[in-house]
Structures are given as C-alpha cells and as structure tokens.
Amino acid sequence: MIEPLALPLQTTVSALEAALLAFVLGCAVIAAVLRDVLGVIIAAAAYSLGVAVIWVVLRAPDVALTEAAVGAGVTTLLFLLTIAKTVNPTDERSLELPSVGSGAALLAFVLVLGSTVPAMPAIGGSPVTDGEVSQYYLEHAHEQTEVDNVVTAVLAAYRGFDTLGEAVVVFSAGVAVLVVLQREVFV
Amino acid sequence: MILESLLTQYNYVAVVALLGIGLYMIVESTNLVKKVIGLNVFQTGIFLLFITAAYVEGGAAPVLTNEAPYVSPLPHVLILTAIVVGVSLVAVALALIVRIYGAYGTLDEDVLREVRANE
C-alpha cells in the first residue's frame, strides 16, 4: 500500500473539484431544508447538473450524459408533472430545520460512516482500476467487439443480458405506472 | 487526519455528506415528494463512491482512441444501469404519490396518518 505521507503521488483537491463539490453539497442542503416543493425540485435539478459535471471531471463522460439527460432532465420533468397534478404546500414556514433529536441522529450516522473514510484508498489510486476484469475489458474490447468505447462494449456486449434486464425493469416500471394511475395510455 | 482526508479523499467525504442529507430527507421530511428527492440524493451519493473508485490519476476516459492509461470502465457501466433503474423507481413512486393525493387529498405524512386513523 502507498505510505500515507507519500503525497506527491496522490491527488489533492483542485479548485475546480472543490468548487463543484461545494456547489453540489450546497444544492443538496437547500433541497433538504426548503419547504416549498417547487424550490426543492429546482435545487434538485441544479444538484443533478452539478453531479453531471463531476462525472466529466472524473472521466466518466457516458455517465455524465446519462445523468444530464435522465437525472436533470427526465426526473425533474416527472417531479414537475407530479406537483402539477397534486399540490405544493403553502404555509408560513419557508424552512424546515432539523429538530434536536433528528439532528443528533443525523450527526451520529455521518460520524459512523465518516469514520470509514480514512480507510478508503486515495482518489486516483484505487485498487479497483487494476482489477483483472477491468483490465480484460480494456485489452480485449477492441478486437472482440470492434467498439472503441469500452463502456458501450461492456454495456451492450459483455454484459448484454444485464442491459436486457435493465430494459425489463424500465418496461415493468412503465406498466406499473399505468396500473397505479388506472390508465391505458401515457398521453 | 480529517484535514488529510479532506485533501486526498475529498470525494469520499462528500459521499458521506450526501448519504447523510439523503437519509435526513427520507426520514425527516413530511412531504412525500421531498422523500423521493431524498432517495435520489442518497442514490447519487452511492454513485459518487463508485465513479470515484474508478478514477485513475491522469487517466483518460475509457475510449480506446485516447492514450492509455484509462479509468476503469466497469463501475461506469454499473452506474449507468443504476441511473436508469433509479429513474424507473422514481416514476413508480411518483405515480403512487399521485394516487395517494387522489384518494386522501394530501401529501403530508402526518396529515395522511391522521386521516387514515380516523377511517
């Protein structure tokens, strides 16, 4: 393992990454404390967009595209349709701050989870990336599938059945929505 | 130690914070729509854990026309699947919420509990 003080090899937080994380966490906190649901949905959309930019910084362009289209786009649309069909609560309180009890429980949860953070590998030097499976995909994707984007190759070829299962989940969800809403067509 | 974590393991610190915020929204919000948004935030925290684990310092996106080294493609594929499954989950949850509103006329958890107790 890398010595904890061998800092030159490790990546430290850049200004861009720090700004993005601050933006994303800020949006999440705003979403958590606002009572106006429309405001929460807008904060969640901004949050999703920030997360999509983080995926680009972490060199995951496929995930970023999906997050921007599905997370910031489709999900936001679904939430907006829902409050258009239901209600946006209006009362005097604009903020929803944690009570003492829930604040303590939240703090305990974060501290327990946070105590595992120092045991994680430094960012950029994770053992996952040297794994046999990852390396196999990177070495053989081109000759076996003739697709240069390895993520596409894995999604559509190596783990094709997984993607079929995903399509089944989406289909089931579509049917479930129609059944729950007692309708026969979406539009 | 905390400062060192912030400098070299900042994304994992953010993961913990996002999981905390998401769980808080799921448990503490009385509005059902906000609970679903909390579910989304919690989920994205897990995604950040996976995508960070795939990252290689100085690595390129896993497209073979780029120069090696590449970041690991496998967590990206898993998270792509998870995003799509997540949106399916949100769609069904929101459909249930629309039906609950149709039946009870409220989306507030506390009011809903009272109405159901009086039935």
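Numbers at a glance
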quantity	calculated
Neighbouring partner chain Cβ atoms per residue of A:158-168, average, 10 Å criterion	2
Three principal axis lengths of the protein assembly as shown [C-alpha, angstrom, descending]	63, 48, 27
The range A:71-141, Rg to Rh (Cα coordinates; Rh as Kirkwood inverse mean 1/r)	1.23
Per-residue mean of C-beta atoms belonging to partner chains within 10 Å, peptide B:43-55	6
Shielding by partners, peptide A:94-103 (average Cβ within 10 angstrom, other chains)	2
For the range B:1-48 versus the range A:120-134, the gap between their alpha-carbon centres in whole angstrom	23
Projected label distance in nm at B:GLU67 and A:GLU184, using a 7 Å step from Cα toward the beta-carbon	6.2
Cα pair distances exceeding 20 angstrom across the range B:11-119, given as percent	55
Calculated Rg and Dmax of the range A:126-187 using C-alpha coordinates, Å	17.7, 50
Projected label distance in nm at B:ARG116 and A:ALA84, using a 7 Å step from Cα toward the beta-carbon	2.9
Zone of B:ARG99's modelled label, taken as backbone nitrogen in the range A:154-169 under 20 Å from a point 7 Å along Cα→Cβ	A:169
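Only the coordinates and a few stated rules stand behind these numbers; no lab work does. Please read all numbers here as calculations on a predicted model, not as lab measurements. Every residue, glycine among them, receives a Cβ derived from its backbone with ideal geometry; neighbour counts consider all protein chains shown.
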